[in-house]
Amino acid sequence: FDKSKFGGKGGRCDQSKWTNVTGPLNILFFEGWMLGFKPVDSDKLINKDLVLVNEFLRKYEQLNNFIDFWIILEISDFDWVFEWRLEAEENMKLKGKSGMSEIEIKEFVSKYIPAYETYTPQLYSSSSSS
């Protein structure tokens, strides 16, 4: 994934740039912003735009069964999501790549906050019990 594609909104790298790894592997780190999120009851959706996301999460539940161990970074304030993205964008620009402005980052990140508000409470509570 290349966060600098599409003006900083990100996109998949060309397959020719993927790193191929052969096994056997003892550890594989698999990272993604919605990994571990589980669907919630429809009446708990705080944003109607999450209906489709919730449907996809139902399909992704099977993938979670293949993960032996979770490392979850719990944050107390979703403003950190903006701060981290701003830092990443500034670092990309320093390397000569394209990136979003501060206003574009706020608009971009704000689209994801309802998902964090909806799905992280369940994620955090399940991680503290395991």
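The residues packed around Val53, meaning those with a beta-carbon under 12 Å from its beta-carbon, carry a net charge of +3 if Lys and Arg are +1 and Asp and Glu are -1.
The dipole here belongs to the stretch 14-78: it is taken about the Cα centre, uses +1 on the Cβ of Lys and Arg and -1 on the Cβ of Asp and Glu, and is about 180 debye. Glu102 sits among other residues whose Cβ lies under 12 Å from its own Cβ, and their net charge, with Lys and Arg +1 and Asp and Glu -1, is -3. Heavy-atom accessible surface of the chain, averaged per residue, reaches 79 Å², computed with a 1.4 Å probe. Dividing the convex hull volume of the alpha-carbon atoms in the stretch 4-77 by its residue count gives 173 Å³ per residue.
In this rough spin-label picture, where each label sits 7 Å from Cα along the Cβ direction, the Asp2-Thr22 distance is 2.7 nm.
For the chain, the relative contact order comes to 35 percent (Cα pairs under 8 Å, sequence separation of at least 6). Dipole of the chain (Lys/Arg Cβ +1, Asp/Glu Cβ -1, origin at the Cα centre): which of Asn54, Ile71, Gly99 lies farthest to the positive side? In the chain, that residue is Gly99.
Each Cα pair under 8 Å and six or more residues apart adds its sequence gap; the mean of these over the residue count of the stretch 54-130 is a relative contact order of 34 percent. 3J(HN,Hα) along the stretch 71-77: 10, 10, 8, 8, 10, 8, 9 Hz, from the Karplus curve 6.51 cos²θ - 1.76 cosθ + 1.60 with θ = phi - 60°, whole Hz, x for Gly and Pro.
Under unit Cβ charges (Lys, Arg +1; Asp, Glu -1), what dipole magnitude, rounded to 20 debye, does the chain have relative to its Cα centre?
Here the size comes out at about 540 debye.
Counting only protein heavy atoms and a 1.4 Å probe, tell me what percentage of the chain's accessible area is made up of carbon and sulfur.
Here carbon and sulfur together make up 53 percent of the probe-accessible area.
Dipole magnitude for the stretch 74-121: about 320 debye, using +1 per Lys or Arg Cβ and -1 per Asp or Glu Cβ, origin at the Cα centre.
The values are calculated or read from the model by the stated rules, or taken from the named source; none is laboratory data. Just so it is clear, the model here is predicted, and its values are computed rather than measured. Backbone-built Cβ (ideal geometry, glycine too); neighbour counts: all protein chains shown. Side chains included, ligands, DNA and RNA excluded: accessible areas come from the protein's heavy atoms. Shrake-Rupley method; radii C 1.70, N 1.55, O 1.52, S 1.80 Å.
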